[in-house]
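Working notes for the structure below.
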Amino acid sequence: MKNTFLITLLIFTLFGCDKKVNDSNRNIITSDITNFWKAYDEITSTQDSILQYKYLDSLYFQKGTVGLERIKQARNYIPQDYINSINNYPKFWNSVRKNTLKTEMYVSELEEGIEKMRKIYPELKPARIYFTIGALRTNGTTVDSLVLIGSELAMSDKNTIASEFQGDLGKGRRKYFDSNPIDNLVLLNVHEYVHTQQNRQVDNLLSYTLREGIAEFVSVIAMNVSSAAPAIAYGKQNEKVKKKFEEEMFYGNNVHHWLWSDFSNEFNTRDLGYYIGYSIAEINYNKAKDKQSAIKEMIELDYTNESQIEDFVNRTNFFSKPLDKLYQIFESKRPTVIRIKQFENKAQNVNPKTNEITVEFSQSLNGHNTSVDFGDLGQAAFPKGTLNGRNWGEDNISWTIPVDLEPNKKYQIFITNNFRTEESIPLKPYLIEFKTSK
């Protein structure tokens with residue numbers, strides 16, 4: 001009997017270890033979903049905020065995967081975001097719960113989707129997909145080789161309740177839920193998987209739109225389906241979208257007009273930047289004799305290489321003019337600083353008793369966007385006393401900043417491009433540089 005017990009225990013242990021190893025080797029991880037709903041049930045069972053935070057931490061965060069940790073970092077989620085969203089939107093959470101618990105049903109389809117990607121891009125590097133639940137700020141994103149799915153949005157559908165969300169956010173959510181995102185869950189994951197293979201974008205609108213549009217196009221080619229993004233079809237049918245993008249491409253302050261925002265734009269269609277990048281990728285692909293090489297080129301684009309990006313875009317003739325010509329047009333429209341009222345820029349004998357500096361612009365600005373920064377000499381050369389008393393002049397054609405200067409000292413104030421016109425055209429940056437007299 002004793003030997004039989006030992007053999008049984010050994011078999012149980014071996015099978016238990018086997019299962020643990022298999023779980024740890026899975027490339028599609030869904031355990032965060034189950035943990036979230038256990039925490040949710042406890043959180044909603046009490047009005048005690050201390051207990052709510054305790055349940056969130058012990059039942060969800062502490063048991064969470066690497067994917068949960070990364071999506072929290074990527075979207076700056078803090079515990080309060082989760083508690084607020086749970087308490088404020090109970091109808092939403094109850095309506096989406098059933099869908100989020102279906103993740104295991106999609107595992108084989110997702111694995112097939114990844115293999116389809118490998119067929120068109122044999123260099124495909126391994127990545128892991130984590131189904132997590134966030135606090136309503138993303139349906140999917142990536143960090144390095146991890147695909148992070150915000151299942152509370154990605155697995156919504158037309159039956160998901162949006163009435164608790166207010167204003168433009170509510171309208172945007174309703175429109176998004178009505179598109180039945182769960183029907184395109186595999187395509188979304190393949191799109192995000194492509195991102196894990198791409199180089200990082202640089203911080204400009206064209207770079208963001210290319211990276212997103214390429215990921216969408218490649219995933220569509222791999223899956224042999226149409227894009228689920230309404231922006232693609234809308235952009236193809238409305239030439240004004242491309243014209244507007246040409247005007248705003250270099251603004252640097254309007255990414256939310258084109259990507260990742262639920263708030264309405266003048267076209268009432270979100271993520272129109274996807275259409276721009278998708279179309280450029282599509283034209284390049286259709287022109288290419290070697291389709292696999294075309295896929296490889298677009299996935300491996302180096303966004304820090306300006307000449308490579310210009311060639312990739314310009315050879316399509318998608319825009320009305322080459323990028324350098326469009327940039328010249330943009331530069332010609334930008335407002336500039338035309339003078340400093342109190343002294344000439346680079347003056348070497350500014351009176352240290354000067355207590356304010358007024359910059360005058362070539363045209364009226366919008367009267368609320370401002371920003372100053374340190375120059376090359378850093379914080380030590382930035383005047384003191386600049387925070388209180390900043391004000392706009394008549395017609396917003398000048399702006400005054402208070403200063404507290406010292407004798408015989410060199411100063412720099414960098415006027416940034418966050419100043420802008422009513423049409424959001426950014427100011428050409430300007431460095432104020434001077435030295436006070438003894």
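The values are calculated or read from the model by the stated rules, or taken from the named source; none is laboratory data. Please read all numbers here as calculations on a predicted model, not as lab measurements. Backbone-built Cβ (ideal geometry, glycine too); neighbour counts: all protein chains shown. What goes into the accessible areas is simple: the full protein's heavy atoms, side chains included, and nothing from ligands, DNA or RNA. Shrake-Rupley method; radii C 1.70, N 1.55, O 1.52, S 1.80 Å.
Given the criteria crowded, with 18+ Cβ neighbours inside 10 Å and in contact with a strand residue (DSSP E or B) (Cβ under 9 Å, 6 or more places away or on another chain), does ILE432 qualify? Explain how you work it out, then say what you get.
On the way: crowded, with 18+ Cβ neighbours inside 10 Å: yes; in contact with a strand residue (DSSP E or B) (Cβ under 9 Å, 6 or more places away or on another chain): yes.
Yes.
How do the pairs read when you match residues in region 104-126 that are in contact (Cβ under 8 Å) with a residue 40 or more places away in the chain with residues anywhere that are exposed (fewer than 14 other Cβ atoms within 10 Å of the Cβ), using Cβ under 7 Å and keeping only pairs 6 or more apart or on different chains? Note: pairs meeting the criteria are ILE120/GLN292; LEU124/ARG118; LYS125/SER145; PRO126/SER145.
To keep it simple, each residue is scored yes or no on (1) within 22 Å of TYR193 (Cβ to Cβ); (2) free of Cβ contacts under 8 Å to residues at least 60 places away in the same chain; (3) open to solvent by less than 10 Å² (accessible area, probe 1.4 Å); (4) in a helix (DSSP H, G or I).
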| position | (1), (2), (3), (4) |
| --- | --- |
| LEU210 | yes, no, yes, yes |
| GLU216 | yes, no, no, yes |
| ILE221 | yes, no, no, yes |
| SER227 | yes, yes, no, no |
| GLY235 | no, yes, yes, yes |
| LYS243 | no, no, no, yes |
| TYR251 | no, no, no, no |
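Checked against (1) open to solvent by 20 Å² or more (accessible area, probe 1.4 Å); (2) of a type outside the set (Lys, Arg); (3) under 23 Å from PHE250 (Cβ atoms); (4) in a loop (DSSP other than H, G, I, E, B), ASN366 passes all but a single condition, namely (1). Scanning region 337-365 for residues that are over 16 Å from PRO383 (Cβ atoms) and out of contact with any Phe, Trp or Tyr (no Cβ under 8 Å at 6 or more places or on another chain) yields a total of 7. Taken together, the residues in region 143-172 that are out of contact with any Gly (no Cβ under 9 Å at 6 or more places or on another chain) and either free of Cβ contacts under 8 Å to residues at least 40 places away in the same chain or crowded, with 22+ Cβ neighbours inside 10 Å (or both) amount to 7.
Take region 133-147 and flag every residue that is touching a Leu at 6+ places or on another chain (Cβ under 9 Å) and either among the small types (Gly, Ala, Ser) or closer than 20 Å to LEU59 by Cβ (or both). Result: ILE133, GLY134, LEU136, GLY140.
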